[in-house]
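Reading through the structure tokens given below for one structure.
The values are calculated or read from the model by the stated rules, or taken from the named source; none is laboratory data. Not measured: the values here are computed from a predicted model. With ideal geometry, Cβ positions are generated from the backbone for all residues, glycine too; neighbour counts draw on all protein chains shown. Accessible surface is based on the protein model in full, side chains and every heavy atom, while ligands, DNA and RNA are left aside. Shrake-Rupley method; radii C 1.70, N 1.55, O 1.52, S 1.80 Å.
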Amino acid sequence: MRKYIGLFLIAFAMLALEVTLTRLLSVITWYYLSFFAIATGLLGSTAGATSVYLQPNWFTKEKLERNIANCCLGFAFAIPVTLIILSRLRFLPDITTQTFVTLFFATFVCALPFYFAGMATTAILTRSELPIGKLYANDLAGAALGSLFVLGGLEVLDAPSLLILIGAIAATAWFVLGWDSTSTTLRRWGSLVPIMFVVLAFLNAFSEHGIRPMFYKGHVVDKDDLLLEKWNSYSQVVVFKPVQGFQLLLWGASPLTPAEQATQYYMQIDGEAGTTIREFSTLADIEHLRYDVTSMAYYVRPNGNSLIIGVGGGKDIHTALLFGHEHVMGVDINPIFIHLLTGEFAKIAGLANRSDVALKVAEGRSFASQSSDHYSVIQMSLIDTWAATGAGAFSLSENTLYTVEAWDVFFERLDNDGIFTVSRWYNPDNLGETGRVVSLAVATLIRNNVENPSAHIALINSQQVSTLLLSRQPFSEKDIRTLEETATRLQFSADILPGSQPKNETLRDIVAAKSSEDIATAIADQSLNFTPPTDENPYFFNMLRLDHIKFALQQEQGVLKGNLIATLTLSLLVLALVIVTGLTIIVPLHFKVAGSANQATLKPLWSAALYFSLIGSGFMLTEIALIQRLSVFLSHPIYALGVLLFTLIASTGVGSYLSERLPLTQKPWIYIYPAATAGTILALRFVLNIILAEMITSPMPIKIATAIVTIFPMGILLGLFFPTGMRLVRDLRFGETPWYWALNGVFSVLCSTLAVLISIYLGISVNFYLAAACYLVLPVCLWRINQMAGQEPTQM
């Protein structure tokens, strides 16, 4: 029983550590490197498994429990060591020798706790005499609950403190597993170790001198400038002490903006993205907002109701009130912003107690799809900032607000003459995001059967920010005149106006399109990817075209430079993993076989090696594809992480448990269940499209229940393979089982990286196809393994 409890706690702590490290890395480095935590977690676990294979004397029957417990203790104390070192590393967004040295060192640091956990897990799974199906099910149950633990833990503690608390869980595993192998005195004092970690975690959380990152995305953090800091599973938000004597921040300010000064509080999200909270008690306090290019829609629709997607510090809500909108609904996916505006900064922002303002924690697309209200203006200004996209932060992150299907929802929620307005960063020498926004607008109009999209689109820019206006009805002559006069008066540039030819040839060709084929023709020769994003390929911020890579290499800054850095970093990570695979798996095996007197018995079963490689690859390809597709359906990253990860891991655990009772190594089932799994994966790919189309507007509880019912059978099937394969090779080559476990881990991390690149450049569905192909090959592997055992699969 203690092995079951210990394995559960180890898996719980490992998954919680992996997710929490992802959150910490999102602050100290860029989002595309936050994925690094998953990769190094699997890498460390794999190295631990390889050590068990290379050093079988460490985990003999006599030493098994004591050394597993010692590994857990190493796991516990390695976590704060990793935290302290990471908090002092400086990551820079450059491809330089220093960057790669830092990345290499960070790889070792992040992998260290997983190395000890990997040894403990591998020893229990491969050296214990307990049923493998039950053990693996227990392991998955712990991992499933560990993923949920982080979601709640980050509501209470910051990421550094939560990492220390996870150390308490690892220390508890040490205490449980080492009970029989330690003295009474050691047991008595050992019980204090988990308590010590808990106390340290809360002391760190509430102390001004606790462990915190020294650098946010390469920038030094002066703690004396911070007013408050809040963490949750979405982000870290810091509010700086009020700035006096500086001009109020506007995104796309007119040259004629009055030099007003007032108190403003600067907020920073995940170490880089920024916004402000400004004082508001009368309309005179916010008069300067008329001079921001993001306000253009209100000049032509000064009345009615408005929906603000992405509240932030409340600036866009202030703008809607300034122009005279009767009611403003503000939604933000991050509850921290809503809590700040209704709590600590309620009096300063002046929004919390107004009858004409409603604030709601919700994802914008999900809120709009479930609402029956209509709006004169729907505004989405700079959701995801230049600071992030310029560094490639969101290049490899799907964004469900910037797809044709999402804009269909917003278009449907407009009044008959309503306007959907989107502001993005603009570069006159490189269209970048602006070109893709216009392409997306035209595609949305075409899908809604608009015959002349150019009559519904206007684009005004301030040389730094462009604002798109997408009207449900053709702009009237009065609207066009108002936009033209306002742009001239404020010294903005009207790049697109109905009835006028855009000066930019690319914009002219895109706006003139009247079909999807016309859009494809207009953007075919562009150096940037202006293809309208869809839910199948929701990577709005990745505009890198591999067939125009030379153009990207010539860019010194901007979103394309960020795209290139992100893609190259991920590609180098894949290459590094391939090299590490050779060093940790192939090379050790070669030397062990070469140095053995009985080489024949030590040669691996390559059919078994292929089997465990394929199930690791297939599982990860399926998992990544499911998370990406259902993130769109649930419209909420936390639901996607909590519901999908928990359901998939838990259902896989059920499958593992059932594998003990099913005749999976007998004819005809040895051939049927891999084929059934492949067929289910392919069917799921098409079923998800139907679910997304038919149930996107359903209430969230129904969508969550639907996601669980859809995933659970798939997870049960995926859970059958590992314990079945392990039972087969145990009888043939007991000593090699850690090596197969390590091989499974390596291919899992390799394909988790590849799956992201595949989704970006080929589409999410390709991952489903590749996963199905992996499982279709398994019957050949299973047949060969049985043949090597000197027997064909037995008849029932």
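Among the residues making up the stretch 274-314, those that are under 14 Å from residue 260 (Cβ atoms) and in a helix (DSSP H, G or I) are 283, 284, 285, 286, 287, 288, 289, 290, 291.
For the stretch 77-98, the set of residues classified as assigned to a helix (DSSP H, G or I), surrounded by 17 or more Cβ atoms within 10 Å (Cβ to Cβ) and either of a type outside the set (A, V, I, L, M, F, W, C) or within 23 Å of the chain's Cα centre (by Cα) (or both) consists of 79, 80, 82, 83, 86, listed by residue number. For first residues located in the stretch 42-66 and open to solvent by less than 40 Å² (accessible area, probe 1.4 Å), partners that are modelled with pLDDT of 80 or more and charged (D, E, K, R) and lie 6+ apart or on another chain with Cβ distances below 7 Å form the pairs 59/127; 64/127.
Which number in (1) surrounded by 21 or more Cβ atoms within 10 Å (Cβ to Cβ); (2) at pLDDT 90 or above marks the one condition that residue 570 misses? Residue 570 satisfies every listed condition except (2). Report whether or not residue 518 is more than 29 Å from residue 257 (Cα to Cα), modelled with pLDDT under 90 and either open to solvent by 70 Å² or more (accessible area, probe 1.4 Å) or of a type outside the set (S, T, N, Q) (or both). No: the conditions fail for residue 518. Screening residue 377 on (1) at pLDDT below 95; (2) open to solvent by less than 10 Å² (accessible area, probe 1.4 Å) shows it passes everything except condition (1). Scanning the stretch 357-374 for residues that are under 22 Å from residue 340 (Cα atoms) and surrounded by fewer than 16 Cβ atoms within 10 Å (Cβ to Cβ) yields 358, 360, 361. When the stretch 723-740 is examined, which residues are found to be modelled with pLDDT of 80 or more and either closer than 15 Å to residue 683 by Cβ or open to solvent by 10 Å² or more (accessible area, probe 1.4 Å) (or both)? If the condition is that a residue be modelled with pLDDT of 80 or more and either closer than 15 Å to residue 683 by Cβ or open to solvent by 10 Å² or more (accessible area, probe 1.4 Å) (or both), then 727, 728 are the ones that fit. The residue pairs whose first member lies in the stretch 527-545 and is in a loop (DSSP other than H, G, I, E, B), whose second member is basic (Lys, Arg), and whose beta carbons are closer than 6 Å, counting only pairs six or more residues apart or on different chains, are 529/545; 530/436. Of the residues examined, residue 141 is one that is open to solvent by 30 Å² or more (accessible area, probe 1.4 Å), touching a residue at least 12 places away in the same chain (Cβ under 8 Å) and either under 21 Å from residue 741 (Cβ atoms) or outside any loop (DSSP other than H, G, I, E, B) (or both).
Only residues that are at pLDDT 75 or above and outside any loop (DSSP other than H, G, I, E, B) were counted across the stretch 380-404, and they come to 3. The set of residues in the stretch 227-268 that are part of a strand (DSSP E or B), surrounded by fewer than 17 Cβ atoms within 10 Å (Cβ to Cβ) and either under 27 Å from the mean Cα position of the chain (by Cα) or among the polar types (S, T, N, Q) (or both) comprises 228, 229, 247, 261.
Checked against the criterion of being assigned to a loop (DSSP other than H, G, I, E, B), in contact (Cβ under 8 Å) with a residue 12 or more places away in the chain and among the hydrophobic types (A, V, I, L, M, F, W, C), the candidates 351, 359, 341 yield just one match: 351.
Being in a helix (DSSP H, G or I) and exposed (fewer than 13 other Cβ atoms within 10 Å of the Cβ) is the filter here, so list the residues in the stretch 473-508 that pass it.
Of all residues in the stretch 473-508, those in a helix (DSSP H, G or I) come to 477-489, 505-508.
Selection gives 477, 478, 485, 488, 489, 505.
Out of the residues in the stretch 631-672 that are more than 24 Å from residue 400 (Cα to Cα), open to solvent by less than 10 Å² (accessible area, probe 1.4 Å) and of a type outside the set (Gly, Ala, Ser), which is modelled with the highest pLDDT? Residue satisfying both the conditions and the ranking: 652.
Of all the listed residues (684, 688, 728, 732), the sole one being touching a residue at least 40 places away in the same chain (Cβ under 8 Å) and touching a Lys or Arg at 6+ places or on another chain (Cβ under 6 Å) is 688. Taking first residues from the stretch 485-496 that are more than 10 Å from residue 293 (Cα to Cα) and partners that are assigned to a strand (DSSP E or B) and among the β-branched types (Val, Ile, Thr), the Cβ contacts under 6 Å between residues at least 6 apart in sequence or on separate chains come to 494/460; 496/457.
Apart from one condition, residue 271 fits all of (1) part of a strand (DSSP E or B); (2) on the phi > 0 side of the Ramachandran plot; the exception is (1).
If you go through the stretch 146-169, how many residues are part of a helix (DSSP H, G or I) and either in contact with a strand residue (DSSP E or B) (Cβ under 7 Å, 6 or more places away or on another chain) or hydroxyl-bearing (Ser, Thr, Tyr) (or both)? Before you say what the answer is, go through the steps one by one.
Taking the stretch 146-169 as the starting set, the residues that turn out to be part of a helix (DSSP H, G or I) are 146-156, 159-169.
Next, only the ones that are either in contact with a strand residue (DSSP E or B) (Cβ under 7 Å, 6 or more places away or on another chain) or hydroxyl-bearing (Ser, Thr, Tyr) (or both) stay: 147, 154, 159, 161.
Selection size over the stretch 146-169: 4.
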